[in-house]
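Read through the structure below, which is laid out as structure tokens, and then see the notes.
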Amino acid sequence: MAPPVQVSPLIKLGRYSALFLGMAYGAKRYSYLTPRAEEERRLTAEAKKPDEQKRIERELAEAQEDTILK
Amino acid sequence: MAQFVCNLVEKAPVLVNAAVTYSKLRLAMFWYYAKVELVPPAPAEIPTAIQSLKKIINSAKTSSFKQLTVKEALLNGLVATEVWMWFYVGEIIGKRGIIGYDV
């Protein structure tokens with residue numbers, strides 16, 4: 001079994017500072033992106049509503065036409 | 001089917017024991033290396049780290065990095081890549097998801 005390597009302090013410092021910087025970056029970006037995603041979801045739901053209405057009307061019209069007593 | 005269940009119940013403890021011993025050994029080895037190689041820098045080591053950083057900046061200023069052999073340069077590049085990967089690991093922890101932001 002090889003003995004463990006003595007890692008240079010610069011590398012250790014670099015690794016752990018990169019780790020904490022990465023955590024901070026990930027958390028910041030997550031909190032930046034969540035409200036934007038909420039907004040976008042809300043907008044697409046709003047845009048879909050008139051389409052839903054039209055679709056429902058169309059289906060009702062077709063259902064009413066579809067009788068045997070023409 | 002009953003035979004299968006009987007066999008399983010007989011052999012399961014043996015298998016579980018083997019798995020536990022194997023993983024205990026692996027864990028011990030991991031710990032043995034991690035205690036030396038993966039510990040964070042002690043506060044006393046930070047001046048040494050800053051010295052090494054100054055040396056690197058100096059070698060960049062005076063172009064003495066051109067005296068490195070290609071092999072050394074490749075190894076340094078590999079080490080730098082590994083340090084940069086820790087940044088991505090930190091980002092994974094910060095965004096609490098492995099692939100992509102789960103907004």
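The values are calculated or read from the model by the stated rules, or taken from the named source; none is laboratory data. Values in this document were obtained by computation on a predicted structure and should not be read as measured data. All Cβ positions, glycine included, derive from the backbone under ideal geometry; neighbour counts span all protein chains shown.
Assorted remarks:
- Condition met for B:Pro40 (assigned to a helix (DSSP H, G or I) and under 30 Å from A:Pro4 (Cα atoms)): no
- Residue within the stretch A:4-15 that is modelled with pLDDT under 90 and farther than 29 Å from B:Ile92 by Cβ present: no
- Test result for B:Ile98, among the aliphatic types (A, V, I, L, M), under 24 Å from the mean Cα position of the chain (by Cα) and surrounded by 12 or more Cβ atoms within 10 Å (Cβ to Cβ): no
- Counting only residues that are aromatic (Phe, Trp, Tyr) and closer than 23 Å to A:Phe20 by Cα, the stretch B:31-64 holds 2 of them.
Let's see how each residue does on (1) part of a helix (DSSP H, G or I); (2) among the polar types (S, T, N, Q); (3) farther than 30 Å from B:Glu91 by Cβ; (4) over 15 Å from the mean Cα position of the chain (by Cα):
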{"position": "A:Ala24", "(1), (2), (3), (4)": "yes, no, no, yes"}
{"position": "A:Ser31", "(1), (2), (3), (4)": "yes, yes, no, no"}
{"position": "A:Glu38", "(1), (2), (3), (4)": "yes, no, no, no"}
{"position": "A:Leu43", "(1), (2), (3), (4)": "yes, no, no, no"}
{"position": "A:Glu46", "(1), (2), (3), (4)": "yes, no, yes, yes"}
{"position": "A:Glu52", "(1), (2), (3), (4)": "yes, no, yes, yes"}
{"position": "A:Arg55", "(1), (2), (3), (4)": "yes, no, yes, yes"}
{"position": "A:Gln64", "(1), (2), (3), (4)": "yes, yes, yes, yes"}
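- Among the residues listed as B:Leu78, B:Leu38, the single one being under 30 Å from A:Tyr30 (Cα atoms), out of contact with any Pro (no Cβ under 8 Å at 6 or more places or on another chain) and more than 9 Å from chain A (Cβ to nearest Cβ): B:Leu78
- Any hit, the stretch B:3-15, residues being under 28 Å from A:Tyr16 (Cβ atoms) and in a helix (DSSP H, G or I): no
- For the stretch B:34-70, a residue qualifies if it is under 18 Å from B:Val83 (Cα atoms) and aromatic (Phe, Trp, Tyr), but none of them does.
- Out of A:Arg42, A:Arg29, A:Arg15, sole residue that is surrounded by 10 or more Cβ atoms within 10 Å (Cβ to Cβ), over 28 Å from B:Ala80 (Cβ atoms) and either more than 14 Å from chain B (Cβ to nearest Cβ) or not small (Gly, Ala, Ser) (or both): A:Arg42
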